[in-house]
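Asks: Pasting a structure below so you can have a look.
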Amino acid sequence: MPEQKQAPGSVALGEAGRRLERLRLRGGFTLVAAASRCQEQGLRTDASALSRIENGRRRTVPRDLVTALLDLYQASERDRTEVMEFLAPAATSPGRRQRPPLWRRHGELLEAMKFGNFLELEAQATLLRNFELAVIPGLLQTAEYARHAITAFRPDLASEKIDGLCDVRLHRQRTLADGAARELHALIDGSALHRTIGSPAVMREQLEHLLAASEAPATTIRILPTTVGGHPGLAGPFVIMTFPEATHARDIVWIETLSTSVYLDQETEVARYTDAFTHLWNRALDPAHTRNHLKEQIQELHP
């Protein structure tokens, strides 16, 4: 399995690193050579440190080091400006940043699941492709369904922490709704529609909510029929995030486990998940047939 990593502190830092990598390669420098030239100027760095910067693994990046690298690579004014603009949002150390109210309310829960970075990335993405195997996607859950689902997933949590995770989930939905240019492609395995979470009444309300959401211009929902049989999605749910080209050139795949969450951003890893999503998306019911299927399921749940 690919290496599992915590998400980078900033999408912008990841893109700044990629720009620096491209400039280095264009200039014909190895990491060792670039680090050596920086050391000659009295800067503390090495090839490993530069590699972490290029791969977005550093939460803060010394601006004097970046300036030296840009000079070394003979970067154009445009490249210099863009790299520095990417660094600007992350110039403050994460530990000193003013956390948003949601983090201040539920920081303990978010930190335990490595979920704070997910919220940052999700809010910046312009396209979210979400495959769910066993439940309705969190961004499309009703409050009651979410409460029962989270309780089932995390029976170890006290009720107040369940409340906290529900608050986070509903906050995510509001953030999605407020996005000016964002799309959600939700792909749901048909088994999720037949799994009673909470009660038949809770499920009926949830499916009615899902049907209403399917009419939203920025939301496309497709149901993958259980008759499809075995498929790549049986490995588990995932989210593929796409960002504006000016912010982040690569997609990120996010996977949540019982105890933490991890991200994948290497080209081969992302391509594998993208291919899997596309394959399943094409085998799923189209939006019109999905709505008909939901109506049938809702009718079956009516007393």
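Asks: Looking at the structure I just gave you, is ASP167 part of a helix (DSSP H, G or I), modelled with pLDDT under 95 and touching a His at 6+ places or on another chain (Cβ under 7 Å)? Before you say what the answer is, go through the steps one by one.
Replies: Numbers: part of a helix (DSSP H, G or I): yes; modelled with pLDDT under 95: yes; touching a His at 6+ places or on another chain (Cβ under 7 Å): yes.
In short, yes.
Asks: Of the numbered conditions (1) assigned to a helix (DSSP H, G or I); (2) touching a strand residue (DSSP E or B) at 6+ places or on another chain (Cβ under 6 Å), VAL202 satisfies every one except a single condition; which is it?
Replies: Failed condition: (2).
Asks: Okay, next question. Quick check: is even one residue across segment 154-162 surrounded by fewer than 16 Cβ atoms within 10 Å (Cβ to Cβ) and under 30 Å from HIS279 (Cα atoms)?
Replies: Among the residues of segment 154-162, not one is surrounded by fewer than 16 Cβ atoms within 10 Å (Cβ to Cβ) and under 30 Å from HIS279 (Cα atoms), which makes the answer no.
Asks: Could you say whether any residue in segment 163-172 is of a type in the set (Val, Ile, Thr), in the same structural domain as ARG195 (by TED's automatic domain parsing) and touching an Asp or Glu at 6+ places or on another chain (Cβ under 8 Å)? Give the derivation first.
Replies: Quick first cut of segment 163-172, residues of a type in the set (Val, Ile, Thr) only: 168.
Narrowing further to those that are in the same structural domain as ARG195 (by TED's automatic domain parsing): 168.
Restricting the remaining residues to those that are touching an Asp or Glu at 6+ places or on another chain (Cβ under 8 Å) gives none.
The answer is no; no qualifying residue exists.
Asks: Among the residues of segment 178-194, is there at least one that is surrounded by fewer than 14 Cβ atoms within 10 Å (Cβ to Cβ), over 27 Å from ASN292 (Cα atoms) and without any contact (Cβ under 8 Å) to a residue 12 or more places away in the chain?
Replies: yes
Asks: Here's another thing I want to ask about it. Could you say whether any residue in segment 123-130 is part of a helix (DSSP H, G or I) and over 22 Å from ILE221 (Cα atoms)?
Replies: Step one: list which residues in segment 123-130 are part of a helix (DSSP H, G or I), which gives 123-124.
Going one step further and asking which of them are over 22 Å from ILE221 (Cα atoms), we end up with none.
No; the residues of segment 123-130 include none that is part of a helix (DSSP H, G or I) and over 22 Å from ILE221 (Cα atoms).
Asks: Moving on to the next point. Within segment 135-145, how many residues are under 18 Å from TRP254 (Cβ atoms) and either assigned to a helix (DSSP H, G or I) or in contact with a strand residue (DSSP E or B) (Cβ under 7 Å, 6 or more places away or on another chain) (or both)? Outline the logic, then answer.
Replies: Residues of segment 135-145 that are under 18 Å from TRP254 (Cβ atoms), as a first pass: 135-141.
Subsequent filtering for residues that are either assigned to a helix (DSSP H, G or I) or in contact with a strand residue (DSSP E or B) (Cβ under 7 Å, 6 or more places away or on another chain) (or both) retains 136-140.
Total satisfying the criteria: 5.
Asks: Here are some conditions: (1) of a type in the set (A, V, I, L, M, F, W, C); (2) surrounded by fewer than 18 Cβ atoms within 10 Å (Cβ to Cβ); (3) closer than 15 Å to PHE131 by Cβ; (4) more than 13 Å from the chain's Cα centre (by Cα). ALA288 meets all but one. Which one does it not meet?
Replies: (3)
The values are calculated or read from the model by the stated rules, or taken from the named source; none is laboratory data. Note that the coordinates shown come from a computational prediction; the quantities given were computed from them, not determined experimentally. Methodologically, a virtual Cβ is constructed for each residue, glycine included, from the backbone with ideal geometry; neighbour enumeration extends over all protein chains shown.
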